[in-house]
Every structure is written in C-alpha cells, then in structure tokens.
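Here the structure comes first, spelled out in structure tokens, and everything after it is commentary.
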Amino acid sequence: MMTAFGIVTFLSGREGESETLQTYRGLGRRRPWVAGAFTITLLSLAGIPVTAGFIGKFFLIRAGAGEARWALVVTLALASAVGLFYYLRVIVTMYGTVFPRGSVTAHSPVGPYPPVITY
C-alpha cells in the first residue's frame with residue numbers, strides 16, 4: 001500500500017494532485033517503469049496470485065474458514081472483487097492508449113474497436 005501512495009505522490013506535481021483517471025492516461029508509454037511498478041502494486045492490493053496481497057488474503061480466508069467465520073470470508077471475497085474492479089480501471093487507463101485512435105481497423109487482429117476507454 002505504501003508503494004501505491006508513493007507512486008501517486010511521485011506523479012503529483014506543482015500543478016496538482018494525481019487524483020483523477022486522466023492523470024494516469026498513457027502512463028505506460030510516458031513512464032513505463034513507474035507504470036509497471038504501479039501495476040504490480042495494484043495487482044497485489046487486489047490479491048492476484050503470486051503477490052504478497054494474495055498471500056495475506058489467503059491466510060485471512062484460511063483463518064476465517066478454520067474458525068467458521070463465514071461472514072468474514074464472504075465479506076473479504078466481495079470486497080476483493082469490488083477492489084479488483086477499481087484497480088483494473090486504473091491499469092487499463094495507464095495502458096489503454098498504447099494504440100493511438102484510428103490505428104485499429106476492421107481488419108486488425110484486435111478487432112474493430114479502439115482499445116481506448118474513456119471514463
């Protein structure tokens with residue numbers, strides 16, 4: 001979590017805080033190392049396997065199931081799903097502008113729609 005706050009602080013400048021999705025648009029192209037570190041951090045916060053966040057959530061679910069605290073387990077699972085949705089929005093925004101508008105045509109292997117997502 002500290003890494004995520006550190007990256008947001010790093011990206012904030014004199015012109016203002018990095019608090020909107022527009023700030024992260026195209027970050028994968030402008031600063032690929034920062035975007036990569038931020039992606040790993042967000043995936044860890046979401047609890048994706050092979051990250052520290054997954055290990056922590058796994059042990060919480062295991063302890064909750066061992067003590068029959070099913071409300072805790074279900075709440076953790078639902079909160080993780082909601083969190084994943086919001087973290088993926090940031091990741092897609094960072095890398096969504098890799099293809100410029102108009103570069104994807106009807107005959108492209110990725111489909112007729114540009115992968116740029118606007119919010």
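Restricting the trypsin sites (Lys or Arg not before Pro) of segment 4-90 to loop positions (DSSP other than H, G, I, E, B) with no more than 15 neighbouring Cβ atoms within 10 Å leaves R14, R69.
For segment 27-74, carbon and sulfur atoms together expose 74% of the accessible surface, with a 1.4 angstrom probe and every protein chain in place.
Computed with a 1.4 Å probe over protein heavy atoms only, the accessible surface of segment 1-89 comes to 70 Å² per residue.
The values are calculated or read from the model by the stated rules, or taken from the named source; none is laboratory data. Computed from a prediction, not measured in an experiment: that's the story for all the values here. When we count neighbours, we look across all protein chains shown, and the Cβ atoms used for this are built from the backbone with ideal geometry, even at glycine. What goes into the accessible areas is simple: the full protein's heavy atoms, side chains included, and nothing from ligands, DNA or RNA. Shrake-Rupley method; radii C 1.70, N 1.55, O 1.52, S 1.80 Å.
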